[in-house]
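Notes to accompany the following structure.
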Amino acid sequence: MNEATTKKLIGVYPGTFDPITKGHLHLIRRASKMVDHLIVAVADSNKKGPLFSIEERVAMVQADVDAMYEKYCTIEVRSFNNLLVHFARDMNASCIIRGLRATSDFEFEFQLTGMNAKLDPNIETMFLMAADKWQFVSSSFVKEIFQLGGDVSDVITPAVHEKMKEKHGRL
């Protein structure tokens with residue numbers, strides 16, 4: 001098989017990224033080792049009551065991805081507002097990459113994977129375990145701790161920290 005006929009492996013790493021954390025960035029870097037092209041898919045999920053608009057979240061993710069010192073494939077940031085498997089199919093992705101922090105994530109992810117496989121059996125789901133350092137980090141915790149005056153600067157990038165301070169009028 002020559003290079004012109006080699007299939008490009010496209011993966012989708014979805015999330016709300018409200019805000020993106022260093023844990024997310026660690027998974028993005030690791031996922032970029034596994035595919036030829038990675039799409040970081042920012043979900044336009046209003047049911048979660050995001051702090052940041054979809055445009056703000058895409059911009060923050062894009063800025064953090066652009067600033068990453070190690071990338072092993074091309075990384076694209078896109079928003080989506082439909083079923084994840086439909087988005088993945090539209091992007092010609094063959095896999096969805098999900099992060100797991102703890103066993104509590106597993107049950108939800110197991111159900112989600114089963115439903116996604118039913119909706120499109122041609123798209124595989126791959127799980128990456130969060131590194132020990134990031135297992136406790138979630139966007140929800142970051143927002144809550146920040147809103148209550150706690151320091152979250154060690155789990156988000158300086159650029160995201162500035163955006164959070166702007167959002168809460170703490171400049």
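The chymotrypsin sites (Phe, Trp or Tyr not before Pro) of the stretch 125-171 that meet both conditions, a loop assignment by DSSP and at most 14 other Cβ atoms within 10 Å of the site Cβ, are 136.
Assuming R0 = 35 Å, can you tell me the calculated FRET efficiency for the pair residue 90 and residue 144, based on Cβ-Cβ distance, to the nearest 0.05?
0.55
Taking a sphere under 15 Å around the Cβ of residue 46 and counting the other residues whose Cβ falls inside, with K and R at +1 and D and E at -1, yields a net charge of -1.
Proximity of backbone amide H atoms, modeled 1.01 Å from N, is registered between residue 125 and 96 at under 5 Å, excluding neighbours fewer than 5 places apart on the same chain. Going from the residue with the fewest nearby Cβ atoms within 10 Å to the one with the most, 132, 66 rank 132, 66.
Among the listed pairs 48/133; 7/143; 118/163; 33/118, a Cα-Cα separation exceeding 30 Å is found for 7/143; 118/163. Distance from the C-alpha centroid of the stretch 132-171 to that of the stretch 71-116: 24 Å, rounded to the whole angstrom.
Computed from the coordinates by the stated procedures, all read-outs in this text should not be read as laboratory data. Fair warning: this is a prediction, and the values are worked out from it, not measured in the lab. Glycine also receives a Cβ, built like all others from the backbone with ideal geometry; neighbour counts cover every protein chain displayed.
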